[in-house]
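First comes the structure, then the notes that go with it.
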């Protein structure tokens, strides 16, 4: 049964990448420029966006709507200054689980969704299973979070925390190539 699961996961991954390659191939220079402009400022008006990318209003609007429908544009958000909100402590946590079956991984991933301080969760290759990014007000708040929630996540075997001393680069802009 496990071998069949691996085959299914591999096939699903290949299908996912094939779909993504197909979507990326449909993006022309105007689409890419729209994405570059919108990544810098999601509040840009359609008139201003049209002017910046060199299209008239309606074709530009249609392209944005198509990229939203295709799942390329996921959402428009407001970025906040964490330090001004007294959320200046960033912690990266490597997580190792006791079990690695599908149900265990799903249980862990579901539980992570309910902890607001966890702002990112990535599966990783190598010895560790996950990398979490946590943002809190203080080291004391992190210690409380660690003791009250993180150590109680399903099937956690080991947690290894690293505190960021300084943020050197932080961007949400993806590197969209010219083509």
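Only the coordinates and a few stated rules stand behind these numbers; no lab work does. All figures in this text were calculated on a predicted structure; none of them were measured in a lab. Please note: Cβ atoms are built from the backbone with ideal geometry, for glycine as well, and neighbour counts cover all protein chains shown.
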Return the distance in nm (one decimal) between the two label points of a simple spin-label model at residue 179 and residue 30, each offset 7 Å from Cα along Cα→Cβ. 1.0
What is the fewest-to-most order of 41, 116 by other Cβ atoms lying within 10 Å of their Cβ? 116, 41
Estimated inter-spin distance, residue 83 and residue 124, nm [label 7 Å along Cα→Cβ]: 2.6
What is the pair-distance distribution P(r) of the chain, computed from all Cα-Cα distances in 10 Å bins starting at 0, with each bin given as a whole percent? 8, 26, 26, 26, 13, 2
Helix axis angle, 102-113 relative to the chain longest principal axis, alpha carbon, degrees: 70
At 0.36 nm per residue, minus the direct Cα-Cα distance, what do residue 169 and residue 116 gain on full extension? Give it in nm, one decimal, please. 16.8 nm
P(r) weight above 16 Å for the stretch 89-163, C-alpha pairs, percent: 42
Sorted on mean Cβ neighbours within 10 Å (highest first), peptides 80-87, 144-151 come out as 144-151, 80-87
Mean residue ellipticity (222 nm) of the chain, computed from DSSP H runs ≥ 4 via -39,500 (n - 2.57), nearest 500: -14000 deg cm²/dmol
By how many degrees, 0 to 90 and rounded to 10, does the Cα axis of helix 139-148 deviate from the longest principal axis of the chain? 70
Can you give the extra length, in nm with one decimal, that the chain gains between residue 48 and residue 101 once fully stretched, where that is 0.36 nm per residue apart less the Cα-Cα distance? 14.1 nm
